[in-house]
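*Asks:* Can you read through this structure? Questions will come right after.
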Amino acid sequence: MKRYKTLLVFALLAGSLANAQNPIVTHMYTADPTARVFDGKLYVYPSTDIRCEEGFADNGFCMPYYHVFSTENMTTWKDHGLIIDQTDVPWGNPKGFGMWAPDCVKKGDTYYYYFPAPPADKSSFRRIGVATSKSPTGPFSVEKNYIKGIEGIDPNVLVDDDGKAYMYYGGGENLFVVELAQDMKSIKGKPQKIETLPGKYKEGSFVFKKDGTYYFTFPHAPGGSEEIAYATGTNPKGPFTYQGVILDRWKDGAWTNHHSIVAFKKQWYIFYHHHDISNDQHLRSMRVDSLFFNKKGLIQHKTATLRGVGLHPIDQPIQIDRYTTSKNLKISRIKESNEVNWQLDYIKSGSEVSYNAVDFSSKKVKNVTYKVSSGTQGGLIKLYINNQLITTTQVHNTGGWNNWQEVSSPISKKIKGVQNIKLVFEGGTNYLLNIDWVKFN
Ligand code: FUB
C-alpha cells in the first residue's frame, strides 16, 4: 500500500512536459489512451499502470486511478493530475486495481467520463460507471451506481450527428453496442453483438465517423498478441465490413495494444501504448503517430515510430535514440535504474541516424554538443541538415563504454525554421562510439 500511496502523491502533481517523442509521457505509466478534441485542444484520457505489490494484481495489471493530459501543439503535454481514484467510486471495489480503459465525450455542456471497474457487489468482472463534469479536466462527480444492463470492459462512446449516443464495449469473442438514453447514464434498449467482425479475441472498441462512414476499430488477437484492426459500415450499430490491420502486433512479446484515433488541426493521429520505459508489459506508456487515409477513405497501414509527432523544441536535448530512421546501429538502455534513458550503440563507420522536425526558429544556434562514450578509438560524427554538411565532431576514447563525456563543435551556418537532421558516422573498423543525446545551443 505504501508504494501506491507514494505514487499517488507524486501523480497528483500537475505540470507541463515537453515530449515530442514516443512515449509522450514518461513520469508515470499510462495505457489505453483515448484522445478527444474539445474546443480546439486535444485531451488524452488514459488508464494508469502502477507496479504491482502483493494483493494489488488484477490479471497481471495494477490500475488504481485516472489522469487526464492535454496538448495544444502535440509537443508540450500537460498532466492535469488525478481525476478519479478507485476509492472515489461508490459502487467499486476500493482495492480492485482494475480501472481499465476509459473514454470521455461531451454532450451539451457536460463531459461524460466512462470507465470500467470491478464492482464491490462482485456481480461481474467489470461494470461500467459514468462520472460527469463541466470541464474536460474535472473535477468529475462519479454516479452512485454503475450503468445497469451492461457488463464488460473498455467502454467507448460515439455521439452521432443526430445527437444519439452509442456505447461500444466488451472483450472476448464478441463486442457489443447499445444506445445510451438521453441522460447518457443509462441504456436505451438491449445491447447487441456487433456482427460480421472476424473471430478470436477482441477488445478496446473505438468508433469514429468520417465522411458518413463509421470506422469500427479494435485490438484483435487472431493468434498471439493484439494488432489494431478495423472495419467500416454505414450504420453505428453495424454490420461492419472488415478492412484489415492498422498497426501490427508487437514483435517483442507484449500482448496488449489499445488505441484511439482522432483528427486535430487537420491531421489524423493514432494513440496507442507500448511498454518502452519499463520493459514490463504490465507497465505501459502511451504513444502517438500520425495516420493517413487513402482516396477511398481506407486507413493506411501504420508502422509504429519512436520519433512520434510534434516539432522538437531546440532548447530541449534530442534523445536521438527516438530517431526517425537509422542505418547499421541499435538502441539499448543506458542503465536499468534510470528507466527512461536509452543510447544509440553498435555504431560503425557508415552508420546513420536521422531525426525529423527540429524547430530551430526560437534561437540562433552556435554549437552542437553530443553526450558520447567510447571504449575504442572513437570516430567522427558528421552533422547534416537538409543534406548539407554542417559540422564534423571528433570523438576520442572516453575511457570505456560507461564513461560519458560531452563533445561539441561550432556551427557557423545560420540554421532557421523546422529542419530534419542527420548524423553520419565515420572511423575505423571497430565499433566507434555510443550517443546518449544531442543538444544545440
Ligand atoms: O489496460 C487493461 C486492459 O488491457 C484494457 O482494458 C484492454 O483494452 C487492454 O489494453
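*Asks:* Mind checking whether some residue in the stretch 145-159 is touching a residue at least 40 places away in the same chain (Cβ under 8 Å), out of contact with any Asp or Glu (no Cβ under 6 Å at 6 or more places or on another chain) and assigned to a strand (DSSP E or B)?
*Replies:* Yes, because at least one residue in the stretch 145-159 is touching a residue at least 40 places away in the same chain (Cβ under 8 Å), out of contact with any Asp or Glu (no Cβ under 6 Å at 6 or more places or on another chain) and assigned to a strand (DSSP E or B).
*Asks:* Answer yes or no as to whether D79 is buried (at least 17 other Cβ atoms within 10 Å of the Cβ), modelled with pLDDT of 95 or more, touching a Lys or Arg at 6+ places or on another chain (Cβ under 6 Å) and not hydroxyl-bearing (S, T, Y). Write out each step before concluding.
*Replies:* On the way: buried (at least 17 other Cβ atoms within 10 Å of the Cβ): yes; modelled with pLDDT of 95 or more: yes; touching a Lys or Arg at 6+ places or on another chain (Cβ under 6 Å): no; not hydroxyl-bearing (S, T, Y): yes.
Judged against the criteria, D79 is not a match.
*Asks:* Right, here's the next one. Taking Q86 as meeting all but one of (1) more than 24 Å from the chain's Cα centre (by Cα); (2) more than 22 Å from H259 (Cα to Cα), write down the number of the exception.
*Replies:* The one condition Q86 does not meet is (1).
*Asks:* Out of the stretch 27-42, which residues are on the phi > 0 side of the Ramachandran plot and more than 10 Å from the ligand (Cβ to nearest atom)?
*Replies:* As a first pass, look at the stretch 27-42 and keep what is on the phi > 0 side of the Ramachandran plot: 32, 39-40.
Scanning the stretch 27-42 gives D39, G40.
*Asks:* Among P90, P64, P46, which is the only one that is touching a residue at least 24 places away in the same chain (Cβ under 8 Å) and surrounded by fewer than 16 Cβ atoms within 10 Å (Cβ to Cβ)?
*Replies:* Details: P64 fails: surrounded by fewer than 16 Cβ atoms within 10 Å (Cβ to Cβ); P46 fails: surrounded by fewer than 16 Cβ atoms within 10 Å (Cβ to Cβ).
Matching residue, one of P90, P64, P46: P90.
*Asks:* Right, next: Checking G224 against (1) assigned to a strand (DSSP E or B); (2) within 16 Å of the ligand (Cβ to nearest atom); (3) of a type outside the set (V, I, T); (4) surrounded by fewer than 19 Cβ atoms within 10 Å (Cβ to Cβ), which test does it fail?
*Replies:* (1)
*Asks:* Could you say whether any residue in the stretch 173-193 is within 16 Å of the ligand (Cβ to nearest atom) and in contact (Cβ under 8 Å) with a residue 60 or more places away in the chain? If you could, list the steps in order and put the result at the bottom.
*Replies:* Filtering the stretch 173-193 for residues within 16 Å of the ligand (Cβ to nearest atom) gives 173-176.
Filter again for in contact (Cβ under 8 Å) with a residue 60 or more places away in the chain, leaving none.
No, because not a single residue in the stretch 173-193 is within 16 Å of the ligand (Cβ to nearest atom) and in contact (Cβ under 8 Å) with a residue 60 or more places away in the chain.
*Asks:* Give the residues of the stretch 105-121 that are more than 23 Å from the chain's Cα centre (by Cα) and over 18 Å from G171 (Cα atoms), sorted by residue number. First the steps, then the outcome.
*Replies:* Kept after step one, since they are more than 23 Å from the chain's Cα centre (by Cα), are these residues of the stretch 105-121: 107-110, 118-121.
Listed by number, the residues that qualify are K107, G108, D109, T110, A120, D121.
*Asks:* Among (1) modelled with pLDDT under 95; (2) under 22 Å from R307 (Cβ atoms); (3) assigned to a strand (DSSP E or B), where does S362 come up short?
*Replies:* Result: S362 passes all but (3).
*Asks:* While we're here: Checking V68 against (1) among the hydrophobic types (A, V, I, L, M, F, W, C); (2) in contact with a Gly (Cβ under 8 Å, 6 or more places away or on another chain); (3) closer than 22 Å to I228 by Cβ: exactly one of these is not met. Which one?
*Replies:* (3)
*Asks:* Here is a follow-up. In the stretch 261-273, what residues are more than 11 Å from the ligand (Cβ to nearest atom) and in contact with a strand residue (DSSP E or B) (Cβ under 8 Å, 6 or more places away or on another chain)? Explain how you work it out, then say what you get.
*Replies:* Going through the stretch 261-273, the residues more than 11 Å from the ligand (Cβ to nearest atom) turn out to be 261-271.
Hits for the stretch 261-273 are I261, V262, A263, F264, Q267, W268, Y269, I270, F271.
The values are calculated or read from the model by the stated rules, or taken from the named source; none is laboratory data. What you are looking at is a predicted structure, and each value in this text was computed from that prediction instead of being measured. All Cβ positions, even for glycine, are placed from backbone atoms using ideal geometry, and neighbour counts span all protein chains on display.
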